[in-house]
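The next block holds one structure in the form of structure tokens; read it before the comments.
Any read-out appearing in this document is the output of simple, stated calculations on the displayed coordinates, not a laboratory observation. Because the structure is predicted, anything quoted here is derived from the model rather than measured. FYI the Cβ positions are ideal-geometry reconstructions off the backbone, even for glycines, and counts take in every protein chain you see.
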Ligand code: GNR
Ligand code: NI
């Protein structure tokens, strides 16, 4: 297992659209293991391959509560099961230190493959539903800050660029 480096906004590589996985083989299983290690190390509850500069449709999620088990989502597709939007404060490992409220559908049905290439389907609400949508956004080259106003997004961008500059000189 290996820790991978997480790309940070406004890195242009985060805008890459991921390709579908054609075969779930050992290369993909190593990627999944590395993604779990990287996610746990960074204390996140989800990670998309895009965030570690691998542009394949692979996601790991672990909400780390009593009800949910670690989830591997390969070639995930979801449909929304409600037109109602719910507000949730979101954060992202690729946008460190920024937490903002985003509105999304609260109920989704997910279809994906697991690490053995087997298809499964689940319905999700609450934080899991939000996380599924947040991760699928990453695979499409989108970030949660894209759901905010242009003004908020440009302020976040300036803040992160400034932070990076400070890190580089300290
Ligand atoms: O760790 C994470 N927390 C989180 C909180 C609210 C909504 C979404 C998330 S996902 C995020 C990890 C991450 O960046 N995944 O892409
Ligand atoms: Ni994220």
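Highest GNM mean-square fluctuation among 157, 69, 142, for the chain modelled with Cα contacts below 10 Å: 69.
Listed peptides 11-23, 47-59 appear in the order 47-59, 11-23 once ranked by packing, highest mean of other Cβ atoms within 10 Å at the front. Kirkwood radius for the range 1-92, taken over all pairs of different Cα atoms as the inverse mean of 1/r, rounds to 14.4 Å.
The fewest-to-most ranking of 36, 78 by surrounding Cβ atoms within 10 Å reads 36, 78. As a proxy for reagent exposure, ranking 120, 40 by other Cβ atoms within 10 Å from fewest up yields 120, 40.
Each 5 Å bin from 0 upward holds the following percent of the Cα-Cα pairs of the chain: 1, 8, 17, 21, 22, 16, 8, 4, 2, 0. By the beta-carbon count within 10 Å of each Cβ, the least crowded to most crowded order of 37, 77, 90, fewest first, is 77, 37, 90. Of the residues 151, 85, 128, the one that moves most in a GNM of the chain with alpha-carbon contacts below 10 Å is 151.
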